[in-house]
Amino acid sequence: MRVAMIGAGYVGLVSGACFAEFGVDVCVVDTEVSKVEALRAGRIPIYEPGLDKLVSENVRDGRLSFTTDLSEAMEGADAVFLAVGTPSRRGDGHADLSYVFAAAEQVARAAKGPLVLVTKSTVPVGTGRQIQELIARVRPDAEIEVASNPEFLREGNAIGDFMRPDRVVIGAESDRAFQVLRRLYRPLYLIETPIVQTGIETAELIKYAANAFLAVKITFINQMADLCEKAGADVHDVARGMGLDGRIGRKFLHAGPGYGGSCFPKDTLALARTAQELGAPATIVEQTIAANDARKEAMAERVIAAMGGSVAGKTIAVLGLTFKPETDDMRDAPSLVVVPRLAQAGATIRAYDPQPSHARQLMPAATHFADSALDAAEGADAVVLLTEWNEFRALSPDRLKATMAGNTVLDLRNAWDPQAFREAGFQYQSIGRP
Ligand code: NAD
Ligand code: UGA
């Protein structure tokens with residue numbers, strides 16, 4: 001089989017490389033020339049564990065290639081996947097579908113033989129129908145069937161998630177479209193991955209419902225963490241005690257500084273917007289968005305309070321800037337709210353992230369970028385753990401204490417042992433734990 005993947009971002013690159021690993025011929029196309037040149041030269045433009053090896057092996061075996069030319073990518077393709085971005089539209093929270101429609105139109109114009117146009121980007125319910133209308137307008141003669149195949153991978157674990165998903169969702173309207181997609185995912189039958197076959201609208205909504213539900217779950221445990229702090233309870237044990245109930249489940253009950261990333265923030269906003277417009281408001285999602293936004297601000301205030309109400313003239317080490325570990329993605333990271341607020345309140349920031357990212361362009365001028373966690377902590381009055389990279393878990397409290405000038409630690413990911421840090425002489429605070 002042959003596939004064209006439009007978009008060489010986190011989803012397009014990972015999905016393209018994984019389909020190639022399944023034995024499919026994949027050509028990934030991107031409009032960004034520098035990205036395609038890098039990929040052709042064997043460099044991966046994003047950080048995702050294991051992706052460099054997967055890409056280089058499949059390129060070597062002749063199953064994976066990169067181009068900026070859509071017609072070349074579509075030559076003989078059974079399916080063309082849309083994996084372009086759908087960011088929040090400025091002002092109204094809707095998903096910006098301009099990349100999706102532009103790419104769909106390019107596909108319609110370039111189509112030669114019959115093909116299935118599959119939306120892998122996260123798009124609001126009704127988008128597939130609009131793509132069908134667009135194709136009918138631009139190329140009424142083209143044999144293009146539209147399908148939806150939302151992607152559920154997480155950054156940092158993207159290859160594992162793609163290769164061993166909990167389910168594959170396929171929304172389509174013809175046997176041919178279902179067959180093409182089922183053939184592509186055939187290797188997953190061996191591990192008995194459930195395939196959910198639905199209509200296009202349902203598939204589109206499953207993706208938003210799943211992301212919004214996870215965002216609600218995180219926000220719920222964050223609010224329980226606040227309550228634990230007031231009541232003297234421990235949110236870890238609350239999460240465990242709740243999560244062992246099979247109906248609830250233990251995953252996504254880690255309290256923290258608020259969810260971030262390229263998807264939950266924009267997808268909750270877009271879902272709330274669509275639900276309002278269709279006259280079925282998702283008020284629980286609206287509340288989640290507001291609570292999560294407020295939480296990121298509250299984290300900065302928590303740091304200021306822990307330092308006696310003022311950080312003016314203080315040096316604060318911030319460990320972890322990306323929105324989660326094992327990614328270089330800075331989109332909607334809590335650090336984008338917390339660090340500027342601390343800098344604005346007069347603090348000097350010494351930041352460290354294990355992976356290079358765009359953080360340098362996004363952080364305020366008062367940020368010094370350190371070479372290691374201990375380097376960041378050098379002479380600092382406080383350490384704030386914002387993202388739980390594994391290398392931070394192993395930091396020795398005694399070495400940290402010897403490096404710092406002050407003794408305040410805010411562990412906003414509950415990654416460290418409170419007792420060990422207190423015994424080392426720290427004023428240690430975490431989230432929802434005594
Ligand atoms: P991204 O911004 O990393 O990548 C998108 C790529 O598409 C860019 O390289 C861009 O240059 C390219 N592009 C845009 N228009 C194009 C065109 N007409 N032709 C060729 N290339 C074009 O985005 P991403 O994080 O991979 O997300 C893509 C979609 O997948 C979004 O809808 C997102 O919500 C969804 N999604 C993302 C994740 C994730 O973890 N990042 C997971 C599941 C779903
Ligand atoms: C998320 C979903 O998990 C994926 O299934 C989905 O495909 C993807 O969005 C998407 O649609 O793009 P991702 O954003 O990569 O994946 O990362 P997550 O691991 O879900 O983390 C999202 C945010 O929630 C992070 O800021 C993380 O720190 C936070 N989080 C997660 C918590 O605060 N607590 C938790 O228990 C889990």
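Descriptive notes on the structure:
- Loop-resident sites, the stretch 215-313, for trypsin sites (Lys or Arg not before Pro), counting at most 15 other Cβ within 10 Å (DSSP): ARG247, ARG250, LYS251
- By accessible area with a 1.4 Å probe, ligands and nucleic acids excluded, highest first: order of ASP237, ASP371, ASP332, ASP411: ASP371, ASP237, ASP332, ASP411
- Extension gain for ASP52-ASN157 works out to 36.4 nm (0.36 nm per residue, less the C-alpha to C-alpha distance).
- Length gained when the stretch ARG186-ARG393 is fully extended (0.36 nm per residue, less Cα-Cα span): 70.6 nm
- Think of the chain as a dipole: +1 on every Lys or Arg Cβ, -1 on every Asp or Glu Cβ, centred on the Cα centre; then among VAL59, LEU362, ALA347, ALA347 lies furthest on the positive end.
- Overall Cα dimensions of the stretch 59-106, principal axis frame, Å, largest first: 45, 22, 17
- What the Cβ-Cβ distance of GLU423 and ARG240 gives, at R0 = 25 Å and to the nearest 0.05, is a FRET efficiency of 0.55.
- Of MET1, MET330, the order by accessible heavy-atom surface (1.4 Å probe, DNA, RNA and ligands excluded), from most exposed downward, is MET1, MET330.
- For LYS53, LYS324, LYS207, the ranking by accessible surface with the largest value first comes to LYS53, LYS324, LYS207, using a 1.4 Å probe.
- Local net charge near ALA370, Cβ-Cβ under 14 Å (Lys/Arg +1, Asp/Glu -1): -3
- For the stretch 388-426 versus the stretch 243-322, the gap between their alpha-carbon centres in whole angstrom: 23
- For the chain, the antiparallel share of DSSP beta bridges with both residues in that region comes to about 5%.
- Taking amide hydrogens as placed 1.01 Å from N in the peptide plane, the amide H of LEU117 sits under 5 Å from those of VAL80, GLU145, VAL146, ALA147, each at least 5 positions away in sequence or on another chain.
- Remark: spin-label model distance ARG129-ARG40 equals 4.2 nm, labels positioned 7 Å along the Cα→Cβ axis.
- Cα-based convex hull volume of the stretch 287-395 per residue, rounded to whole Å³: 99
- Rounded to the nearest 20, the Cβ-based charge dipole of the stretch 265-358 about its Cα centre (Lys and Arg +1, Asp and Glu -1) stands at 340 debye.
- Helix runs (DSSP H) in the chain reaching 30 Å along axis by Cα, Kyte-Doolittle at least -1.0: 200-231, 283-306
- In Hz, Karplus ³J(HN,Hα) per residue of the stretch 161-168 (6.51, -1.76, 1.60; θ = phi - 60°; x = Gly, Pro): 5, 6, 7, 10, x, 5, 6, 10
- Between the stretch 122-184 and the stretch 342-365, the Cα center-to-center distance that results, in Å: 39
- Under 5 Å between amide hydrogens, built in the peptide plane, is the criterion, and for ALA95 it picks out ARG89 among residues at least 5 positions away or on other chains.
- When the chain is described by a simple charge dipole with +1 on each Lys and Arg Cβ and -1 on each Asp and Glu Cβ, the residue from CYS18, PRO397, ILE191 located farthest towards its positive end is PRO397.
- Pairwise FRET efficiency - ARG139 versus ALA209, Cβ, R0 = 45 Å, nearest 0.05: 0.90
- Within the same chain, lysines fewer than 8 places from LYS401 are excluded, and of the rest, those with a Cα less than 20 Å from its Cα are LYS314.
- Calculated [θ] (222 nm, deg cm²/dmol) that DSSP helices of n ≥ 4 give over the chain, each run adding -39,500 (n - 2.57): -13000 deg cm²/dmol
- For the chain, leaving out every one of the GluC sites (Glu not before Pro) that falls in a DSSP loop and has at most 16 other Cβ atoms within 10 Å, the longest unbroken run is 193-377.
- Its convex hull of Cα atoms gives the chain a direction-averaged projected area, equal to a quarter of the hull surface, of 21.8 nm².
- With K and R counted +1 and D and E -1, the other residues having a Cβ less than 12 Å from that of VAL55 yield a net charge of 0.
- Cα lying deepest toward the dipole's positive end in the chain, options VAL100, LEU39, PHE252, charges on Cβ: PHE252
- Where only alpha carbons of the stretch 90-211 are counted, the Rg and the Dmax (Å): 14.9, 46
- The stretch between ARG247 and THR202 holds 13.9 nm of extra length on full extension. This uses 0.36 nm per residue minus the Cα-Cα distance.
- Proximity of backbone amide H atoms, modeled 1.01 Å from N, is registered between HIS358 and MET330 at under 5 Å, excluding neighbours fewer than 5 places apart on the same chain.
- Summing Cβ point charges (Lys, Arg +1; Asp, Glu -1) relative to the Cα centre of the stretch 204-272 gives a dipole of roughly 180 debye.
- A compact globular protein would have a Cα radius of gyration near 2.2 N^0.38 Å; the ratio found for the stretch 1-81 is 0.94.
- Relative contact order of the chain, taken over Cα pairs closer than 8 Å and 6 or more residues apart, is 12 percent.
- Average projection area in nm² (convex hull over Cα atoms of the stretch 39-144, one quarter of hull surface): 8.2
The values are calculated or read from the model by the stated rules, or taken from the named source; none is laboratory data. Please read all numbers here as calculations on a predicted model, not as lab measurements. Backbone-built Cβ (ideal geometry, glycine too); neighbour counts: all protein chains shown. Only protein heavy atoms, including side chains, enter the accessible area calculation; ligands, DNA and RNA are left aside. Shrake-Rupley method; radii C 1.70, N 1.55, O 1.52, S 1.80 Å.
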